[in-house]
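Report on the structure given below.
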Amino acid sequence: MRPSQQRRRKTVGRIALTLAGLYLLLLIPASNPPEPAASDKQPFVWNKDEYWQALEDRFKNARQQGCEELAPVIEAEFAYGHHLLDSLDADTRQPADALFAEIERIVFEAAPQVAACPQKLSGYTQFQTRLRRLVKTQSQQWDFSEAATRNRIYRLLYGSRAALEEVMLQAPQDSLPALARGQEEPSQTPAAKILGVTLHSGDILVSRGGAPTSALIARGSDYPGNFSHIALVHVEEKTSLASIIEAHIERGVAIATLEEYLRDKKLRVMVLRLRADLPALVAEPLLPHKAAAAALQQAREQHIPYDFEMNYHDDNKQFCSEVASAAYRKFGVNLWMGISHISTPGVSAWLAAFGVKHFETQEPADLEYDPQLRVVAEWRDPETLYHDHIDNAVIDAMLEGAEAGDRLGYAWYLLPLARTMKGYSMLLNAFGKVGPVPEGMNAAAALRHQQFNQAHRALKEKVLQQAEAFHQQNGYRAPYWELVRFAREARESKR
């Protein structure tokens with residue numbers, strides 16, 4: 001062998017050994033996130049499986065009756081329901097008042113008839129909207145540190161939305177209204193019109209994204225909800241140009257136009273506005289605009305990384321909820337009167353695997369229950385509403401697995417590649433650019449996130465197949481409890 005060939009072989013060998021050594025070095029396992037501390041809180045549980053099944057049986061019977069026969073029955077239920085709401089409107093009630101339980105009963109038991117007679121959907125929507133307005137008004141006098149308060153407002157607001165959407169999903173898709181108007185709370189701040197609704201500077205947009213992690217954020221708390229993201233609206237006084245300030249996992253706090261905000265996949269959006277009669281707004285009606293302007297200026301002047309720890313006390317890094325809460329806190333308004341809790345060991349462990357360290361925090365879905373805010377409007381995408389429900393059902397089943405001991409892992413052999421990509425991302429971040437691994441997320445967490453997405457996708461495919469078979473066999477869409485059952489069965493089949 002020639003000396004030049006020997007040198008080449010030695011060089012190649014050294015390079016191979018160096019790369020192998022580097023690979024082995026990068027293969028050193030990442031330390032597992034610490035187990036979250038035990039919580040003394042208890043998650044809300046409906047415990048109504050038999051009741052849900054009875055409602056489905058009632059729906060089957062109602063389908064046989066037909067709309068002509070059902071119409072007077074439905075109108076009678078609406079009349080009784082509004083009579084109950086009249087009573088609620090007339091007096092101050094505490095969360096334990098029996099009136100609320102009776103209203104809840106009407107919400108759920110009217111739903112099967114309306115689902116079988118979609119012509120009555122608008123009346124049911126009006127009832128749910130009025131119920132939400134009156135319950136939020138009543139809750140202004142309630143103590144949000146009490147579990148009874150949190151449970152009552154959740155049962156009525158989340159429960160009535162869930163019932164309404166079960167009804168909507170049985171109606172012809174082209175008959176579903178995308179926009180449901182709430183309470184037009186007065187505001188003196190600059191305004192812009194979007195999708196038929198007037199947005200005011202300082203309004204808060206609560207939305208739901210289409211990614212599996214969006215479903216996890218919405219469902220992974222003591223009060224599982226429908227929303228996963230918060231954004232703050234700023235409207236320029238002279239031009240009426242609207243800007244959206246929000247925190248993204250990939251790039252931290254950013255500013256978007258309304259068009260850019262809506263272009264990013266949204267399954268639903270709710271508009272919240274501070275009550276005009278709050279003492280802080282009576283003293284300074286432009287307070288929401290000032291808060292939004294300060295948040296906009298800060299986002300323009302400095303880079304604010306995403307807060308994976310979900311520590312709402314530290315504004316140097318911000319997750320989506322902090323964008324709104326930090327902006328308003330500087331002007332004396334403390335949002336999230338009921339602080340969110342993530343108390344179950346399984347859910348806490350999964351979120352810790354992504355970098356979460358604070359389990360008393362500000363969940364996007366819980367902001368709706370804050371009595372300082374009015375619901376102005378809510379958009380739903382009729383085409384994707386069913387997929388929203390399927391995503392939720394899959395996550396609910398996956399989180400049941402988490403409570404049973406399932407933990408998020410990753411393919412160990414991919415760790416060197418992930419760490420290399422993390423280094424590349426850090427270099428891009430230093431120049432103000434976005435890398436493949438988000439700033440603030442380590443390589444192991446990125447791999448866990450990848451595995452989580454894959455697991456969700458696999459379960460969702462099976463649930464979609466079972467849901468379609470159910471539809472073909474029964475002639476109606478599977479309600480939520482059936483979707484959860486499909487997801488549980490799919491999860492068990494993979495064990």
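Read the figures in this text as sums done on the coordinates, not as results from a lab. Predicted model only: the values in this text are computed from it and were never measured. Ideal geometry is used to build each Cβ from the backbone, glycine not excepted, and the neighbour counts take in all protein chains shown.
Step by step: find N for the chain, compute 2.2 N^0.38 Å, then divide the Cα radius of gyration by it. What's the final number?
Numbers: Rg = 25.2 Å, N = 495, 2.2 N^0.38 = 23.2 Å.
Rounded to two decimals, the normalised Rg is 1.08.
Which value, in debye to the nearest 20, gives the size of the charge dipole of segment 140-210 about its Cα centre, when Lys and Arg are +1 and Asp and Glu are -1 at the Cβ? All intermediate terms of the calculation are to be shown ahead of the outcome.
Numbers: 7 positive and 8 negative charges, 17 e Å.
So the dipole magnitude of segment 140-210 works out to roughly 80 debye.
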inquiry  = Please arrange 174, 49, 370 by how many other C-beta atoms lie within 10 Å of their C-beta, fewest to most.
reply    = 174, 49, 370
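Assuming R0 = 22 Å, what is the FRET efficiency of residue 300 and residue 191, from their Cβ-Cβ distance, to the nearest 0.05? Intermediate values should be presented prior to the final figure.
Working: r = 22 Å, r/R0 = 0.99.
Efficiency computed from Cβ-Cβ geometry: 0.50.
To the nearest 500 deg cm²/dmol, what mean residue ellipticity at 222 nm is calculated for the chain from DSSP H runs of n ≥ 4 alone, each contributing -39,500 (n - 2.57), summed and divided by the residues? Working shown, then result.
On the way: 17 runs with 255 residues, N = 495.
Mean residue ellipticity at 222 nm (helix-derived): -17000 deg cm²/dmol.
Which of the peptides 266-276, 373-383 is most tightly packed, and how do the rest follow, judged by the mean count of other Cβ atoms within 10 Å per residue?
Values: 266-276: 22.0, 373-383: 20.0.
Output ranking for 266-276, 373-383: 266-276, 373-383.
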query = According to a simple spin-label model (label point 7 Å from Cα along Cα-to-Cβ), what is the distance in nm between residue 61 and residue 32?
reply = 5.1 nm
ask   = Extent of segment 139-215 along each principal axis, from alpha carbon coordinates, in Å, largest to smallest?
value = 40, 38, 27
Linear extension gain, residue 387 paired with residue 457, 0.36 nm per residue minus alpha-carbon span = 24.0 nm
note = Its Cα gyration tensor gives segment 395-493 an equivalent ellipsoid whose semi-axes in whole Å, largest first, are 37, 15, 10
ask   = Taking θ as phi - 60°, what are the ³J(HN,Hα) couplings along segment 354-361 by the Karplus curve (6.51, -1.76, 1.60), each to the nearest whole Hz, with x for Gly and Pro?
value = 9, x, 6, 10, 10, 10, 10, 8
message = For a Förster distance of 25 Å, can you work out the FRET efficiency between the beta-carbons of residue 40 and residue 94, rounded to the nearest 0.05?
response = 0.55
inquiry  = Going by amide H atoms built from the backbone, whose H comes under 5 Å of the H on residue 248, apart from near neighbours?
reply    = 253, 254
ask   = How big is the Kirkwood radius of segment 49-175, worked out from every pair of different alpha carbons and given in Å to one decimal?
value = 15.1 Å
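Please tell me the relative contact order of segment 403-495 in percent, rounded to the nearest whole number, where contacts are Cα pairs under 8 Å and at least six residues apart. Display every interim value, and only then the final one.
Numbers: 66 pairs, mean separation 21.7, N = 93.
Computed value for segment 403-495: 23 percent relative contact order.
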note = Sorted by chain and number, the residues with a modelled amide H under 5 Å from that of residue 241, at a separation of 5 or more or across chains, are 236
query = Taking +1 at the Cβ of each Lys and Arg and -1 at the Cβ of each Asp and Glu, which of 409, 279, 324 sits farthest along the dipole of the chain towards its positive end, judged by Cα position relative to the Cα centre?
reply = 409
ask   = If you line up the Cα atoms of segment 181-380 on their principal axes, what length do they span on each, largest first, in Å?
value = 48, 32, 32
request  = Name every cysteine in the chain that ends up alone, with no second cysteine's Cβ under 4.7 Å, or say none.
outcome  = 320
request  = Starting from the Cα of residue 417, step 7 Å along the direction of its Cβ; do the same at residue 122; then give the gap between the two resulting points in nm.
outcome  = 5.5 nm
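May I ask you to list, by number, the DSSP H helices of the chain whose Cα span along the axis is at least 18 Å and whose average Kyte-Doolittle hydropathy reaches -1.0 or more?
Numbers: long enough: 3-26 (34 Å, 0.01); 49-65 (25 Å, -1.94); 67-90 (34 Å, 0.20); 98-116 (29 Å, 0.92); 121-138 (26 Å, -0.78); 287-301 (21 Å, -0.35); 385-403 (27 Å, -0.05); 415-430 (22 Å, 0.37); 443-474 (46 Å, -0.92); 480-493 (20 Å, -0.90).
Both cut-offs are met by 3-26, 67-90, 98-116, 121-138, 287-301, 385-403, 415-430, 443-474, 480-493.
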inquiry  = Only four residue types carry charge here, +1 at the Cβ of Lys and Arg and -1 at the Cβ of Asp and Glu. Report the dipole size of segment 382-495 about the Cα centre in Debye, rounded to the nearest 20.
reply    = 500 debye
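Please compute the length gained on full extension between residue 264 and residue 145, using 0.36 nm multiplied by the number of residues separating them and subtracting their Cα-Cα distance. Please report the intermediate quantities before stating the final value.
Working: separation 119, 0.36 × 119 = 42.84 nm, distance 3.54 nm.
This chain segment gains 39.3 nm when fully extended.
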ask   = Could you put 369, 312 in order, starting from the residue whose Cβ has the fewest other Cβ atoms within 10 Å?
value = 312, 369
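How large is the charge dipole for the chain, taken about the Cα centre, if only the Cβ atoms of Lys, Arg (+1) and Asp, Glu (-1) carry charge, to the nearest 20 debye?
Computed charge dipole of the chain: roughly 2900 debye.
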ask   = Contour minus end-to-end for residue 316 and residue 238, with contour as 0.36 nm per residue of separation and end-to-end as the Cα-Cα distance?
value = 25.0 nm
request  = Could you please state, rounded to a whole Å, how far the C-alpha centre of segment 102-175 is from the C-alpha centre of segment 301-316?
outcome  = 35 Å
ask   = So which of 266/494; 193/238; 330/433; 60/120; 193/290; 317/433 end up more than 22 Å apart by C-alpha?
value = 266/494; 330/433
key: Rotationally averaged projected area of segment 118-173 (alpha carbon convex hull; nm²)   = 3.9 nm²
